[in-house]
Structure formats: C-alpha cells, structure tokens
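Asker: Can you read through this structure? Questions will come right after.
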Amino acid sequence: MTDVYRNKLKTQIREAYGRETYTYTTHLKNMNILVERQKHFKTAQIILSALSSGGIFSTIFYNHLVDCKINPNAVRTKKISFL
C-alpha cells in the first residue's frame, strides 16, 4: 500500500511541477512580448518628441531669420520670447 501511495504522490508532484513550469514559461513569453512593445512605444515617443520640438525651434528661429532679412535692424530691436 505504501508503493501505491508513493506512486500517486510522485505523479501529483510531477503534474504540479509541469503546471508550474508551463505557467512560468507562458508568463516569461508574455513579458518578452510586452518588453518589445514597450521598446517600440518608447522609440515612437522619442521620435515624436524630437519632431515636435524641432518644429517649434524651427518656427521660432525661422521667423527670427526672416525678420532679420527684411529689417536688418530687427536684430537689435526684436526680442525672442519663448512664452
């Protein structure tokens, strides 16, 4: 009777280990997918931030350069406001 009990216990332990290993593996794969997705989002955020700040700076400095070409005295009189 102890051999039957031991075999059942071994079977239960193997099944529990298999379920635990499967759960760990699926969570690990899901984590890898989410990490890759986060990398793509961060890259997109950096690109969009660079584009928007580049657009803002180019607008400010382009307007300043156009004013300087039209009116050479604008360099002395015009103040650049960032607000």
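The values are calculated or read from the model by the stated rules, or taken from the named source; none is laboratory data. None of the values given here were measured: they were computed from a predicted structure. Virtual Cβ from ideal backbone geometry, glycine too; neighbours counted across all protein chains shown.
Asker: Being at pLDDT below 95 and surrounded by fewer than 10 Cβ atoms within 10 Å (Cβ to Cβ) is the requirement here; does F82 meet it? Talk me through it step by step, then tell me what you get.
Answerer: Numbers: at pLDDT below 95: yes; surrounded by fewer than 10 Cβ atoms within 10 Å (Cβ to Cβ): yes.
Here the answer is yes, as F82 does meet what is asked.
Asker: Let me ask another. Does segment 1-35 hold any residues that are assigned to a helix (DSSP H, G or I) and of a type in the set (A, V, I, L, M, F, W, C), and which are they? Break it down into steps so the answer makes sense when it comes.
Answerer: At the first step, the residues of segment 1-35 found to be assigned to a helix (DSSP H, G or I) are 2-35.
Within segment 1-35, V4, L9, I13, A16, L28, M31, I33, L34, V35 meet the criteria.
Asker: Name every residue in segment 21-68 that is of a type in the set (S, T, N, Q) and modelled with pLDDT of 85 or more, in order of residue number.
Answerer: Quick first cut of segment 21-68, residues of a type in the set (S, T, N, Q) only: 21, 23, 25-26, 30, 32, 38, 43, 45, 49, 52-53, 58-59, 63.
The answer is T21, T23, T25, T26, N30, N32, Q38, T43, Q45, S49.
Asker: If you scan segment 1-55, which residues turn out to be within 13 Å of the chain's Cα centre (by Cα) and of a type in the set (V, I, T)?
Answerer: I33, V35, T43, I46, I47, listed by residue number.
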